[in-house]
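S.K.: Please see the structure below; I have some questions.
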Amino acid sequence: MPSNCTSLVFRAPHVLGQTRITNNTNKLTPTIHVGTCFPWYGKKTHQKKKLFHIVSQLKCSQNYPSSSVMEDERNLVVSSLGPDKYSKELDVAVKAVQMACSLCQKVQESLISKTNSQIHSKDDNSPVTVADWSVQATISWILSKSFGCRNVSILAEEDVESLSKPDSKGLLSAVVETVNDCLVQAPHFGLKGPEKLLGSSDVLEAIGRCNSEGGPTGSFWALDPVDGTLGFVRGDQYAVALALIEDGEVVLGVLGCPNYPKKKEWLSYHHRYHRIISKLTPTTSESWDKGCVLYATKGSGKAWMQPLHQTNKLLAWPNSAILIRVSAIDDPALATFCEPVEKSNSSHSFTAGLAHIVGLRKQPLRVYSMVKYAAIARGDAEIFMKFARSGYKEKIWDHAAGMIIIQEAGGVVTDAGGSPLDFSKGTFLEGLDRGIIACGGAKLHERIIKSVDASWKCSSL
Ligand SMILES: Nc1ncnc2c1ncn2[C@@H]1O[C@H](COP(=O)(O)OS(=O)(=O)O)[C@@H](OP(=O)(O)O)[C@H]1O
Ligand SMILES: [Mg+2]
Ligand SMILES: [Mg+2]
Ligand SMILES: [Mg+2]
């Protein structure tokens, strides 16, 4: 794991009550290195607890969660300390996505209680709302503020043209208001907000700045401000997806899923039930009722999840993160596969044929957005398949964050030919072979890839 900090020095030797922190050479240890081993042996339970607590605190004090303290029967071993290469990027990205989720929750609530007048159609007839532009502006502003405009390059879904038209004044002012409402909350999320309210030109600039073309060299952020806008406007699942891509490789991913239910069974409920559920359960998403942010950095072998941040209850976020892992189920008969809700986005008949050949018995779990990737990473489902109509080119922002989170949680993501997804060719996943297959484990993945050809021959795709 990349690490630029391999030791941590105490200002004074630590003393736990009467227990001095000593390492396995029994020397008082003012410095803890990666690999430092603290013997449990002979220690009393309360001393063990204190020792574990203090050593665990070290990782939290580094403001990042990927260091780890391992325990065995005799020792407590510090396996890694200090921030990894992307700690600052991860910290800012997670906070920015948390803010974006909170923005989306407010807009979704207001959309559901009003008419459809706030939902607009793009040239390709897909929906776009105040939330899509507002999240893009907010995250663009936060990234620029945190890393400097010149150092930040963003490739994002929404463009600025339709918002800048003279007849879009009402829409633009709604976006400006939403962005400002969100940015004033920045300090609650541990970020700096603007000194004064942003004007229309600031907001348009922030959206327009997301004009990176991506490509094979350098580093850029890929942002889908609201993925699954259709789910969003229907009061259902959607995601905020942010990934960092370096020299064509996804190195960091953050996925905000504000409506991810505490009980995985609720994922399969029709959107109308979600509305009922949201009335039945506290909208504050207290504890784990609904909503989470998932994240991972490349090569860490770990993926994390934290609950949605509550502005009135400040959670020190690395401390509230828990590790997630893909499902261990590798028997197709027991596996759940997810796919897009809309037939026009992925062929349901093709995946039904494929499922039959592979021996998947359960009904498909149809969920809007990259929440499907989240379900695989959390181990709530085993397979995700998407086969768009021929001629449709998948966009990188629809897959980057989800892919890395599944991979670091132990899963496999490829195209339908078994090749890795290529994020180095600009906006689209060029060269994608037919579709996308993501699985919790390699065994299931292999079985599906092997069956794609057989199923493909009898399909009309
Ligand atoms: N025709 C077509 N074919 C395939 N894919 C398409 C198509 N049109 C759109 N999209 C992209 O799909 C994104 C939503 O994907 P989902 O898997 O969530 O689909 S679904 O909404 O559940 O049906 C959606 O992302 P958002 O625009 O961010 O919602 C689109 O990028
Ligand atoms: Mg999308
Ligand atoms: Mg989108
Ligand atoms: Mg869209």
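The values are calculated or read from the model by the stated rules, or taken from the named source; none is laboratory data. What you see is a predicted model; the values in this text were computed from it and never measured. Here the Cβ positions follow ideal geometry from the backbone for every residue, glycine too, while neighbour counts run over all protein chains shown.
Quick grid of which residues meet (1) within 16 Å of ligand 1 (Cβ to nearest atom); (2) under 22 Å from LYS192 (Cβ atoms):
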| position | (1), (2) |
| --- | --- |
| SER102 | no, yes |
| LYS106 | no, yes |
| GLU109 | no, no |
| LYS114 | no, no |
| ILE119 | yes, no |
| THR129 | yes, no |
| PHE147 | no, yes |
| ILE154 | yes, yes |
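S.K.: Residue under question is SER346, and the condition is that it be over 13 Å from ILE436 (Cα atoms), under 23 Å from the mean Cα position of the chain (by Cα) and within 16 Å of ligand 4 (Cβ to nearest atom); does it hold?
M.R.: It is false that SER346 is over 13 Å from ILE436 (Cα atoms), under 23 Å from the mean Cα position of the chain (by Cα) and within 16 Å of ligand 4 (Cβ to nearest atom).
S.K.: If I ask for residues that are part of a helix (DSSP H, G or I), surrounded by 14 or more Cβ atoms within 10 Å (Cβ to Cβ) and not β-branched (Val, Ile, Thr), which ones from region 184-211 would you list? Step through it out loud before you land on a result.
M.R.: Filtering region 184-211 down to residues part of a helix (DSSP H, G or I) leaves 186-189, 200-208.
Cutting the leftovers down to surrounded by 14 or more Cβ atoms within 10 Å (Cβ to Cβ) gives us 186, 188-189, 200, 202-208.
Hits for region 184-211 are ALA186, HIS188, PHE189, SER200, ASP202, LEU204, GLU205, ALA206, GLY208.
S.K.: Among (1) without any contact (Cβ under 8 Å) to a residue 40 or more places away in the chain; (2) away from ligand 3 (no atom under 16 Å from the Cβ), where does ASP123 come up short?
M.R.: Every condition holds for ASP123 apart from (2).
S.K.: Quick check on my filter: what residues within region 110-140 are among the aliphatic types (A, V, I, L, M) and assigned to a helix (DSSP H, G or I)?
M.R.: Of everything in region 110-140, those that are among the aliphatic types (A, V, I, L, M) and assigned to a helix (DSSP H, G or I) turn out to be LEU111, ILE112, VAL130, ALA131, VAL135, ALA137, ILE139.
S.K.: Checking the structure you have, find out if any residue of region 314-336 is more than 16 Å from ligand 3 (Cβ to nearest atom), modelled with pLDDT of 95 or more, of a type in the set (S, T, N, Q) and closer than 20 Å to GLY440 by Cβ.
M.R.: Yes; the residues of region 314-336 include at least one that is more than 16 Å from ligand 3 (Cβ to nearest atom), modelled with pLDDT of 95 or more, of a type in the set (S, T, N, Q) and closer than 20 Å to GLY440 by Cβ.
S.K.: Taking GLN136 and the conditions (1) away from ligand 2 (no atom under 16 Å from the Cβ); (2) closer than 29 Å to VAL250 by Cβ, which numbered condition does it fall short on, given that it satisfies the others?
M.R.: (1) is the only condition that GLN136 fails.
S.K.: Any idea which of TYR392, TYR373 is crowded, with 19+ Cβ neighbours inside 10 Å and outside the structural domain of LEU155 (by TED's automatic domain parsing)?
M.R.: Answer to the check: TYR373.
S.K.: Go over the candidates VAL107, VAL92, VAL78 one by one and state the one that is at pLDDT below 90, away from ligand 2 (no atom under 16 Å from the Cβ) and not charged (D, E, K, R).
M.R.: Just a single option satisfies the conditions, and that option is VAL78.
Okay, residues lined up against (1) away from ligand 2 (no atom under 16 Å from the Cβ); (2) more than 30 Å from LYS298 (Cα to Cα); (3) in the same structural domain as ASP91 (by TED's automatic domain parsing); (4) not in a strand (DSSP E or B):
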| site | (1), (2), (3), (4) |
| --- | --- |
| ASP167 | yes, yes, yes, yes |
| ASP181 | yes, yes, yes, yes |
| GLU213 | yes, no, yes, yes |
| PRO225 | no, no, yes, no |
| PHE232 | no, no, yes, yes |
| ALA241 | no, no, yes, no |
| LEU252 | yes, no, yes, no |
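S.K.: Among ASP380, ASP398, ASP422, which is of a type in the set (D, E, K, R), under 23 Å from the mean Cα position of the chain (by Cα), at pLDDT 95 or above and within 15 Å of ligand 3 (Cβ to nearest atom)?
M.R.: Exactly one residue qualifies, and that residue is ASP398.
S.K.: Would you be able to tell me the number of residues in region 413-455 that are polar (S, T, N, Q) and more than 16 Å from ILE383 (Cα to Cα)?
M.R.: Qualifying residue count, region 413-455: 4.
This table checks each residue for (1) more than 16 Å from ligand 3 (Cβ to nearest atom); (2) among the polar types (S, T, N, Q).
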{"site": "ASN151", "(1), (2)": "yes, yes"}
{"site": "ILE154", "(1), (2)": "no, no"}
{"site": "GLU157", "(1), (2)": "no, no"}
{"site": "VAL160", "(1), (2)": "no, no"}
{"site": "LEU163", "(1), (2)": "no, no"}
{"site": "ASP181", "(1), (2)": "yes, no"}
{"site": "GLY190", "(1), (2)": "yes, no"}
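S.K.: If a residue must be buried (at least 19 other Cβ atoms within 10 Å of the Cβ) and charged (D, E, K, R), how many such residues does region 146-176 contain?
M.R.: 2
S.K.: Among the residues of region 119-131, is there at least one that is out of contact with any Leu (no Cβ under 8 Å at 6 or more places or on another chain), surrounded by 14 or more Cβ atoms within 10 Å (Cβ to Cβ), more than 25 Å from CYS292 (Cα to Cα) and at pLDDT 95 or above?
M.R.: No, every residue in region 119-131 fails to be out of contact with any Leu (no Cβ under 8 Å at 6 or more places or on another chain), surrounded by 14 or more Cβ atoms within 10 Å (Cβ to Cβ), more than 25 Å from CYS292 (Cα to Cα) and at pLDDT 95 or above.
S.K.: Looking at region 293-313, is at least one residue more than 22 Å from ALA239 (Cβ to Cβ) and under 21 Å from the mean Cα position of the chain (by Cα)? Give the derivation first.
M.R.: Going through region 293-313, the residues more than 22 Å from ALA239 (Cβ to Cβ) turn out to be 299, 301, 312-313.
From what's left, under 21 Å from the mean Cα position of the chain (by Cα): 299, 301.
Yes: one or more hits.
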